[in-house]
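Chemist: Structure provided below as structure tokens; questions to follow.
The values are calculated or read from the model by the stated rules, or taken from the named source; none is laboratory data. It should be emphasised that the depicted structure is a prediction, and the values quoted were computed from it without experimental measurement. For neighbour counting, all protein chains shown are included, and Cβ atoms are generated from backbone atoms with ideal geometry for every residue, glycine included. Heads up: the accessible areas ignore ligands, DNA and RNA and are worked out on the full protein's heavy atoms, side chains in. Shrake-Rupley method; radii C 1.70, N 1.55, O 1.52, S 1.80 Å.
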Amino acid sequence: MIRTLLALLTFAVGLRAAERPNIVFIFCDDLALQAMSCYGDKRKLLDTPNMDRLAKEGMRFDRCLVTNSICGPMRAVIQTGKYSHANGFYNNSNSKFDSSQPTFPKVMQKSGYQMAVIGKWHLMTDPVGYDYWNVLPGQGAYYNPPMIENGKPVKYEGYCTDIIGDLTLKWLDSRDKTKPFMMMCQHKAPHREWEPPLRLLGFDNDRVYDEPETLFDAYSGRSKAVSDHDMGIDRTFTERDAKLVMPGNLTAEQKQAWNAYYEPRNAKYAAAAPTGRDLVKWRYQRYMHDYLACVKAVDENVGRVLDYLDKNDLTKNTVVMLSSDQGFYLGEHGWFDKRWVFEESVRTPFLARWPGVIPAGSSNSQLTSLVDLASTFTDMAGAPPMEGLHGRSLVPIMKGETPADWRKSHYYHYYEYPVPHRVRPHYGVITDRYKLIHYYKPDVDDWELLDRQKDPLETKSFYNDPEYADTVKELKAEIIRLQKELGETMPPPRFAHGNKAFDNEPQPPEQPKKKGKGKKKAE
Ligand code: CA
């Protein structure tokens, strides 16, 4: 009897295997959707023809949200399909991923998928559930990056994004072609310090970029949590961010190319010696040149992967997805970086192409989330669903069949404080129109209500407006409902993984602001 059942099961798995799609997941670090032409930002910052091809041939998700807007935590959310409080990885300062817990790559591998991850990993423990891994240690380096290939240190010469592209194509070529595969191609770019490929220096011919409307946000009528940050273009930008100093690991030839571009421009800057608003404006222009050149290199490498799939007859049966661990501020509210629940960093780019399944040129504005990816991947692969996840498969949405009970609200919780950017912990709920946010530690206890319909730039709070009293009441009840559903207890207990930001002990003193050279951050 058992033998017959097993035989039947093997037969069913075999049948399913024949039609199982390959998955290429292209994942960026800190990619702002404002920098992708398919999302239509009004500044028209950059043309991204290869990302646009994915949007044109697949689906553009317009409201894909993150649960905790920083690098490591979102990567842990993707691996596990669970929020930070359930997977134990809260922040980049002292969290370590517990790789003994259930993750989607383990499930996919067990169900017959060949799994590979190349590029940025940033979970502080080695990848588990992958047949091949070749990852950057920690944040990694843009130029001549050391990497770790299946546990062994290796070193490459060249530009990180191109190297990750090369390694991706190499693995695709050398893989076991009898099995379906999942390739996670995870770029470091365009993470701070936005160091461009030398071949693209000056790609924009010294274009003057339009500024965002909120570059000089005064944060009036907002919580102290919002104004007392340390991630401003005005106050936090270092010489390294501004490329007034060179990174330390360039070859002689690379140094020459770097200097040929930056030296004359830096000399002009030194002569002008801008201050105040003029300094912010100068930094914003430098930031856009460097950041966008990094994104352009990612786009070119997306093109190389799509070409490879075309040439090897893989396009039809390969799902290609592109996303980022969160969005990013390109000067909005005077900021770079991420962390906040505000739209630019809570919303992340997400494109998916699956020929014959996802209607070409479609878009979707449901509240979707990166917490949905683990369920989505296993669903696509026909692997057994994982138990107790916080996300749901996006496959029905991709087919244009949104389930009637799809989420109408999304829970958010950011924990890391005080370093590196003095963004106070906050949690809240996001709906189609509103956000209700509570800044609760350590020296603030402020609520803010945002109304994206009335105030799309999110520059004021309606929390104390009597007209919104019912909305506030409903959203507070919704937060409690979501916390219960997700199993988050408030205030968060002392974490097993040692997040000192939540100990009932005095906070460490605020870091004095360092001016200038290469401030080291854990972000
Ligand atoms: Ca990131």
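Chemist: If each DSSP helix of 4+ residues adds -39,500 (n - 2.57) and the sum is divided by the residues in the chain, what number results at 222 nm, nearest 500 deg cm²/dmol?
Modeler: Mean residue ellipticity at 222 nm (helix-derived): -9500 deg cm²/dmol.
Chemist: With unit charges on the beta carbon (Lys/Arg positive, Asp/Glu negative), name the residue among 447, 428, 373 whose Cα is farthest towards the positive pole of the charge dipole of the chain.
Modeler: Positive-end residue among those listed: 373.
Chemist: Looking only at the chain, where both bridge partners belong to it, what percent of the DSSP beta bridges are antiparallel (to the nearest 5)?
Modeler: 55
Chemist: Treating only the Cβ atoms of Lys and Arg (+1) and Asp and Glu (-1) as charged, compute the dipole magnitude of segment 411-502 about its Cα centre; round to the nearest 20 debye.
Modeler: Roughly 380 debye for segment 411-502.
Chemist: Same structure again: Under a no-solvent Debye model with one identical scatterer per Cα of segment 226-369, what's log10 I(q)/I(0) at q = 0.15, 0.16 Å⁻¹?
Modeler: Log10 I(q)/I(0), no solvent term: -0.97, -1.03.
Chemist: Show me the ranking of peptides 365-372, 188-195 by mean Cβ neighbours inside 10 Å, starting with the highest.
Modeler: Packing order, densest peptide first, comes out as 188-195, 365-372.
Chemist: At q = 0.07, 0.10, 0.11 Å⁻¹, what is the base-10 log of I(q)/I(0) for the chain according to the Debye formula with one equal point scatterer per Cα and no solvent? Please give it to two decimals.
Modeler: Debye output, listed in q order: -0.38, -0.79, -0.97.
Chemist: How much of the accessible area of the chain, probe 1.4 Å, is carbon plus sulfur, in whole percent? Mind dumping the intermediate values first?
Modeler: Working: 11150 of 21260 Å².
Carbon and sulfur atoms account for 52 percent of the accessible area of the chain.
Chemist: Continuing with this model, one more query. Among 285, 461, 388, flag the residue with its Cα farthest along the positive direction of the charge dipole of the chain, charges on Cβ as +1 for Lys/Arg and -1 for Asp/Glu.
Modeler: 388
Chemist: Quick one: which of 96/120; 56/316; 177/311; 224/441; 110/399; 56/399 span more than 18 angstrom between C-alpha atoms?
Modeler: Distance filter (> 18 Å) returns 110/399.
Chemist: Hand me the trypsin sites (Lys or Arg not before Pro) from segment 241-325 located in a DSSP loop with no more than 14 other Cβ atoms within 10 Å, in residue order please.
Modeler: Those that pass, being in a loop and sparsely packed, are 316.
Chemist: I want the antiparallel fraction of DSSP beta bridges within segment 70-215, as a percent rounded to 5.
Modeler: Percentage antiparallel, nearest 5: 40.
Chemist: To the nearest 20 Debye, how big is the dipole of the chain about its Cα centre, given +1 on the beta carbon of each Lys and Arg and -1 on that of each Asp and Glu?
Modeler: With only Lys, Arg, Asp and Glu charged at Cβ, the dipole is about 800 debye.
Chemist: A follow-up question, please. Counting only heavy atoms of protein chains, what accessible area per residue, in Å², does the chain have with a probe of 1.4 Å?
Modeler: Accessible surface, normalised per residue, equals 41 Å².
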